[in-house]
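Peer 1: Would you mind keeping the following structure in view while I ask a few things?
The values are calculated or read from the model by the stated rules, or taken from the named source; none is laboratory data. This is a predicted model, so every value here is computed, not measured. A quick note on method: Cβ atoms are made from the backbone with ideal geometry, for glycine too, and the neighbour counts reach across all protein chains shown. Surface accessibility is based on the protein's heavy atoms, side chains included, excluding ligands, DNA and RNA. Shrake-Rupley method; radii C 1.70, N 1.55, O 1.52, S 1.80 Å.
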Amino acid sequence: MKLLVIGNPIKHSKSPMIHNYWIKKYKIKGIYEKLKIEENNLWQVIDELKKGKLKGINVTLPYKEKIITFLDKLDSSAKVSQAVNTIFLDKNEKAVGANTDGVGFVSYLTKDLNVKLKDKNFYILGAGGSSLGIISELVKHGISSITIVNRTIKKAESLAKKFSSSGIPITVHDWKLLKPGKNIDVVVNTSSFGMKNTDVLSINSSKLKKETLILDIIYEPRETEFLKQLKKEKFKTHNGIGMLIRQAAESFNFWFNISLKKEDIENVRKIIENK
Ligand code: ATR
């Protein structure tokens, strides 16, 4: 039984390491590999899935949107984000696309960081695909409010509008004024700003309470300048590895119907952190 992660570039993907660890642990006869692929060959992997040659597929950049035309169905997470990171065959042999990024984020917060989402106030930097995935899940959990801050304010506004019927108050703030208010419980950087070491994302934390959690979904570098700054200011900071593992765990569950245990999550984290 074979599974694949497809993308371009794909060399640095951590997905094979993560999934092969769980495949072995649960004594599944299978292997998870990475495949660098060109756009005009995307259809072939879906064809292989339908012929039973592949058990499942993860999709990464730059194909999360482009793969959609080759699929038969999208689940609700993929529909709302119009992006797919997980593909499986359903019982009618239809190729279904899902997006586990948002669920992975929420599951990391609630299961690994033990955050109770009810009544929490979120401050979210970025309004791209990752932000959309995260917000689409957060609004389902009785949170109190979301503030979106994005360099291009129009994108933040259209994202807020998209979830206006959720019943959760969503406001938009100017990127030039990165100053979360004293009510904020969780700050999340979902923007790609910070991936390069020269990217210095800096916020004014003077109003924040000490218990506010600071998260960055970036895990390469392990500690962005943004996290470094806030750690120095004595906040609790977390990089994107936890979310990475939890989104993988959600994919694994789609393919094998196995709900991974805390210990499985922790073991993979240790492997990644010791690399
Ligand atoms: P992803 O799917 O990873 O979210 P994306 O949809 O391309 O990727 O979104 C990237 C996000 O990072 C956007 O919020 C983008 O801001 P803009 O909407 O203004 O483009 C943000 N981003 C990328 N580079 C940035 C930079 N140099 N400064 C500020 N924000 C940046």
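Peer 1: Do you know which residues across the range 1-14 are open to solvent by less than 60 Å² (accessible area, probe 1.4 Å) and not in a strand (DSSP E or B)?
Peer 2: Within the range 1-14, ASN8, ILE10, SER13, LYS14 qualify.
Peer 1: I'm trying to understand the selection: among the residues of the range 155-179, which are under 29 Å from ILE241 (Cβ atoms), away from the ligand (no atom under 11 Å from the Cβ) and open to solvent by 80 Å² or more (accessible area, probe 1.4 Å)?
Peer 2: Once the filter is applied, which keeps residues that are under 29 Å from ILE241 (Cβ atoms), away from the ligand (no atom under 11 Å from the Cβ) and open to solvent by 80 Å² or more (accessible area, probe 1.4 Å), the range 155-179 yields LYS162, LYS179.
Peer 1: Another question about this same structure. Looking only at residues in the range 46-64 that are within 20 Å of GLU250 (Cβ to Cβ) and β-branched (Val, Ile, Thr), which one is nearest to the ligand (Cβ to nearest atom)?
Peer 2: My answer is THR60.
Peer 1: Starting from the range 40-54, keep only residues that are part of a helix (DSSP H, G or I), then list their pairs with residues that are open to solvent by 100 Å² or more (accessible area, probe 1.4 Å) whose Cβ atoms are within a distance under 9 Å, requiring at least 6 positions of separation or different chains.
Peer 2: That search, which allows pairs on different chains as well, returns LEU42/THR69; TRP43/THR69; ASP47/LYS53; LYS50/GLU93.
Peer 1: Counting only residues that are small (Gly, Ala, Ser) and closer than 16 Å to MET243 by Cα, which one in the range 99-136 is farthest from the ligand (Cβ to nearest atom)?
Peer 2: SER107
Peer 1: Looking at (1) under 26 Å from LYS11 (Cβ atoms); (2) not in a helix (DSSP H, G or I), find the lone condition where LYS91 falls short.
Peer 2: Result: LYS91 fails condition (1) only.
Peer 1: Within the range 137-154, count every residue that is surrounded by 19 or more Cβ atoms within 10 Å (Cβ to Cβ), within 13 Å of the ligand (Cβ to nearest atom) and assigned to a helix (DSSP H, G or I).
Peer 2: Going through the range 137-154 one residue at a time, the tally reaches 0.
Peer 1: Also, I was wondering about something else. Suppose we filter GLU65, GLU93, GLU137 for residues that are among the charged types (D, E, K, R) and within 13 Å of the chain's Cα centre (by Cα); which single one remains?
Peer 2: GLU137
Peer 1: Looking only at residues that are more than 10 Å from the ligand (Cβ to nearest atom) and exposed (fewer than 15 other Cβ atoms within 10 Å of the Cβ) in the range 180-197, which one is farthest from ILE146 (Cα to Cα)?
Peer 2: Taking the candidates together, the pick is ASN197.
Peer 1: Just checking, how many residues over the range 65-92 are within 16 Å of the ligand (Cβ to nearest atom) and open to solvent by less than 30 Å² (accessible area, probe 1.4 Å)?
Peer 2: Summing the residues that are within 16 Å of the ligand (Cβ to nearest atom) and open to solvent by less than 30 Å² (accessible area, probe 1.4 Å) in the range 65-92 gives 8.
Peer 1: Could you pull out the residue among LEU4, LEU61 that is closer than 26 Å to GLY128 by Cβ and modelled with pLDDT of 95 or more?
Peer 2: LEU4
Peer 1: For the range 220-240, state whether one or more residues are touching a Gly at 6+ places or on another chain (Cβ under 7 Å) and open to solvent by 30 Å² or more (accessible area, probe 1.4 Å).
Peer 2: Yes, because at least one residue in the range 220-240 is touching a Gly at 6+ places or on another chain (Cβ under 7 Å) and open to solvent by 30 Å² or more (accessible area, probe 1.4 Å).
Peer 1: Could I ask something else about it? Report the residue count in the range 15-45 for those that are surrounded by fewer than 20 Cβ atoms within 10 Å (Cβ to Cβ) and of a type in the set (A, V, I, L, M, F, W, C).
Peer 2: Matching residues across the range 15-45 total 7.
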